[in-house]
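What follows is a short report on a single structure.
The values are calculated or read from the model by the stated rules, or taken from the named source; none is laboratory data. Because the structure is a prediction, the values reported are computed rather than measured. So basically every Cβ, Gly included, is an ideal-geometry build from the backbone, and we count neighbours across all protein chains shown. To get the accessible areas, we keep the full protein, side chains included, count just its heavy atoms, and leave off ligands, DNA and RNA. Shrake-Rupley method; radii C 1.70, N 1.55, O 1.52, S 1.80 Å.
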Amino acid sequence: MTIRTHEKEHLLEESLTRLEEEFGERFIRIHRSCLVAKDCIAGLEKILEENGKARWVVLLRGVEEKLPVSRRQLHIVRELGRR
């Protein structure tokens, strides 16, 4: 797995599930292959694609890349924003 910080990327031989179990209070799963630090989430945005379908992305503080949120995890990310 790859862990990204503002400064660099780190390769880690650990499962995402294991990290989620250990650090679940600080991180949220936004997709089956992505955990994000809760404190870094700046918002949630709905994007309309050219085919007319909508998808949701997470906005991160200090990062231009928008990360996709799965439909399965969307309610969890929304709930985090209400706290």
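For the chain, the residue among 15, 73, 62 whose Cα projects farthest onto the positive side of the dipole built from Cβ charges is 73. The equivalent ellipsoid of the chain has semi-axes of 22, 15, 13 Å, largest first, where each one is the square root of 5 times an eigenvalue of the Cα gyration tensor. Straight-line cross-link partners of residue 53 among the lysines, defined as a Cα under 23 Å from its Cα and at least 8 positions apart when in the same chain: 66. For residue 31, the accessible surface of its heavy atoms amounts to roughly 50 Å² (probe 1.4 Å, protein chains only, rounded to the nearest 10).
Roughly what angle does helix 71-81 make with the longest principal axis of the chain, taking Cα atoms, 0 to 90 degrees, to the nearest 10? Roughly 80 degrees, rounded to the nearest 10.
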